[in-house]
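Quick notes on the structure that follows.
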Amino acid sequence: MMFRTDEGLQSPEEQDELVFLDESDDPARDPLREGWNILIVDDHDEIHKVTSLVLGGFEFDGKRLRLLHAYSGAEAIALLQAEPDIALVLLDVVMEKDDAGLQVIEFIRRKLCNDTVRIVLRTGQPGQAPEHEVVLKYDINDYKEKTELTSQKLFTTIISSLRSYRDLRIIQSNKKGLEDVVRSSSSIMNVYSVHELARDALAQIGSILGAGGGSGGLVLQKDAGGWSKLAGSGAFAEAALEELPPGVMAEAESAAAMRERAFYSEGFTFYFRNSAGGEKVVCFKCGKALTEWDRYLIEVYCANIQAAFENIDLNREIESTQKEIIYTLGEIAETRSKETGFHVKRVAEYTKLLALKHGLPKEEAELISLASPMHDIGKVGISDAILNKPGKLTGEEYEIMKTHAQSGYDMLKHSGRPIMKTASIIALQHHEKYDGTGYPQGLKGEEIHIYGRLTALADVFDALASDRVYKKAWPLPDIIGLLKEQRGKHFDPVLTDLFLAHLDEFLVIREKYADEKVF
């Protein structure tokens, strides 16, 4: 289907110069899209011509009119579906049907759910659509008989309709901006990485402002080493810190020096400092003039960004404290058995690396790393005479030693915290064996939780590679030989293969946290 359109024709002679639009037109290349779209729906060609003539050269808010023409209700409905941004419909009632215009109104308001477009009903047969009945029953904005719609009244009607449409669109845009701020603020509060938060924040700022081409932003962080770039978007996405335009860094440093935010004609800088003294600056170039509403939205959103960064810093502090407590608890057991040094740290790093190689999510691998240092916490209940006996344990002593797995689980099982729940599983199952000959439950294969299977391999590897009160460290070839021999017996075969395939990476950890050089 083809729709005719004209842009304020100047004279009757120009009626033959109507522009034709079809579905192959590229809206992005149509300069008329920048004007006000007005749809004239009438089955009389003369009405279209006169309306075009009257509105020739008309402008409102610096934009010209773009007139679109439909000659039936069916054509109007098709055009309304094809054109999402129509400001005003000048609508006849009686066309191919007596109520064709009324059906168009129903389509706009109920099918398209469009309550923004202004609808002015124009009728030459008021008896077919009495004004009081139509105004009450249908959501229209004005009712005119064609005989009363003079040139001046048409001009007044167009002005008032476009003004209403413009204001409604502004309200909708502001509402969307607020919704974007609320939604974006909610999402950033769940981010736990400063780099991820910085990237998300820049993307959301661009969305909130409707930033176009040439826009871009930066999140910069200042610490003892100076400024560093956390994230960049748009024009600054790939630029290294030293490649940034001098003006950008000057604005950031000025904001930091003054400890304040600043708005410019097409951008802003937002400075904030957390409770620990860390400094950050958000710089954004919008590529368009900022309105007062834009500034308000940025004020609200950037305040939430500041809170989100503060939360991340606090979470890091909590996590650091948790790690310290967990390592300390783990080391208590190791110290009691005279197994000092970095055993618990190595086991933590081994389990994390092996979990990642196995394909577990990063968050879960980190959880295992935090929990695994407490694998032997149950040893605090074992007597020194057994725990530090230099020779081989008797059968009775070994049975007592084995109780540390259940004891560790019993200590940790009551907590609902993810770290403690994970640690309780590891404490209970890290001495289970893949072939079912382990303790305390004699679990077999994948009956053993993946956390237990990971820690079993990491713990044995480190125990063999370290001096203990009852033995000297094994040479590396002997350890590799035992791992291969116990593949599918003591250890999960898949995990064993992964460990040996990436042995060099595990040895790097071993060297980093070495008690003394073993290999």
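The values are calculated or read from the model by the stated rules, or taken from the named source; none is laboratory data. Everything numeric in this text was worked out from a predicted model, so none of it was measured. Neighbour counts run over all protein chains shown; Cβ positions are idealised from the backbone, glycine included. For accessibility, only protein heavy atoms count, side chains too; no ligands or nucleic acids. Shrake-Rupley method; radii C 1.70, N 1.55, O 1.52, S 1.80 Å.
Sorting 199-206, 253-260 by average packing, meaning the other beta carbons within 10 Å per residue, from highest down gives 199-206, 253-260. When the listed pairs LYS229/LYS285; LYS345/LYS512; LYS357/LYS489; LYS323/LYS421; LYS97/LYS153; LYS389/LYS512 are checked against a 18 Å cut-off, the alpha-carbon distance exceeds it for LYS357/LYS489; LYS97/LYS153; LYS389/LYS512. Take the alpha carbon gyration tensor of the stretch 48-169, find the square roots of its eigenvalues, order them as a ≥ b ≥ c, and report rounded if a/c is under 1.5; if not, report prolate when a/b exceeds b/c, else oblate. Rounded shape, in that the Cα axes give a/c under 1.5.
Full extension of the chain between GLU145 and GLU266 yields a length gain of 38.8 nm, computed as 0.36 nm times the residue separation minus the alpha carbon distance. Remark: the stretch 205-304 carries 46 Å² of accessible area per residue (probe radius 1.4 Å; ligands, DNA and RNA excluded). Remark on the stretch 369-421: Rg and Dmax equal 12.9, 40 Å (Cα only). For SER160 and GLN441, the difference between the fully extended length at 0.36 nm per residue and the C-alpha to C-alpha distance is 93.0 nm. Averaged per residue, the stretch 357-470 has 45 square angstrom of accessible surface, using a 1.4 angstrom probe with ligands and nucleic acids left out.
Just the protein heavy atoms count here, and of the accessible area of the stretch 422-519 at 1.4 Å, carbon and sulfur take up 54 percent. Can you tell me how the stretch 242-315 classifies by the Cα gyration tensor, rounded, prolate or oblate, using a/c under 1.5 as the rounded cut? Oblate is the answer for the stretch 242-315, as a/c is 1.5 or above yet b/c matches or exceeds a/b. Going by a ≥ b ≥ c, the root eigenvalues of the Cα gyration tensor, does the stretch 289-425 fall in the rounded group (a/c under 1.5), the prolate group (a/b larger than b/c) or the oblate group? Prolate, since a/c reaches 1.5 and a/b exceeds b/c.
For the stretch 279-296, 3J(HN,Hα) computed residue by residue from phi via the Karplus equation (6.51, -1.76, 1.60; θ = phi - 60°) reads 10, 9, 9, 9, 10, 9, 10, 8, x, 7, 5, 7, 8, 4, 5, 4, 5, 4 Hz, glycine and proline entered as x. Sorted on the mean count of surrounding Cβ atoms within 10 Å across their residues, most packed first, peptides 238-248, 49-59 read 49-59, 238-248.
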